[in-house]
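Here's the structure, in structure tokens; my notes come after.
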Amino acid sequence: MALSNAERQRRHRERQKLKLAAVAPDLAAQYENIGADLREKLYALIDAENARRGRYVTARPAETTDFRRVILDIALNENRSGIADAARMVLLQALCMGESSEKEILEARQQKEALVAKKPESRDSKEQVIPLAHYVRVPNFG
């Protein structure tokens, strides 16, 4: 019986998971710890922003920011929550895993913005802005 492509891919992923579990049994726990640490940092950032807003509001209740709004801001490249840039930096630092400092990330962002500002936006042109070296780095999980 011939297997569908999706079934072959599913079985392949299962075999890969089994191989990974045999080689590094605590890798799943490490990823859970990293995820929990990121959530903790983002929640602390959100709580600090909500506390700051609460101190300055007098007559009406303070508009609070929640986790979903920050994630949406990051995904949509907006800043309605007021802390999306700080949250992006937390995520970028986690993705870099010590390979790039905050200063390097900020410099790369400024270079990218300067490059985009130089080029006129035309949908017809075939030129694309390529990622800078800081964004292309592959983290070392070894």
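The values are calculated or read from the model by the stated rules, or taken from the named source; none is laboratory data. Please read all numbers here as calculations on a predicted model, not as lab measurements. We place every Cβ from the backbone using ideal geometry, glycine too, and count neighbours over all the protein chains shown. These accessible areas exclude ligands, DNA and RNA; they are computed on the full protein's heavy atoms, side chains included. Shrake-Rupley method; radii C 1.70, N 1.55, O 1.52, S 1.80 Å.
Quick look at the values:
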{"quantity": "Of the criteria (1) of a type in the set (S, T, Y); (2) more than 30 Å from N79 (Cα to Cα); (3) under 25 Å from the mean Cα position of the chain (by Cα), which one Y31 fails", "calculated": "(2)"}
{"quantity": "Residue under evaluation G82, criteria (1) at positive phi; (2) within 14 Å of the chain's Cα centre (by Cα), criterion not met", "calculated": "(2)"}
{"quantity": "Criterion: under 30 Å from L106 (Cα atoms) and surrounded by fewer than 12 Cβ atoms within 10 Å (Cβ to Cβ) - qualifying residue of L76, L3", "calculated": "L76"}
{"quantity": "Residue within segment 129-140 that is open to solvent by 60 Å² or more (accessible area, probe 1.4 Å), at pLDDT below 85, of a type in the set (K, R) and closer than 30 Å to D26 by Cα present", "calculated": "yes"}
{"quantity": "Helices (runs of 4 or more DSSP H) enclosed by segment 1-118 - at least 3 residues per element that are among the aromatic types (F, W, Y) and without any contact (Cβ under 8 Å) to a residue 60 or more places away in the chain", "calculated": "27-56"}
{"quantity": "Selection status of V116, within 17 Å of R52 (Cα to Cα), open to solvent by less than 70 Å² (accessible area, probe 1.4 Å) and not basic (K, R)", "calculated": "no"}
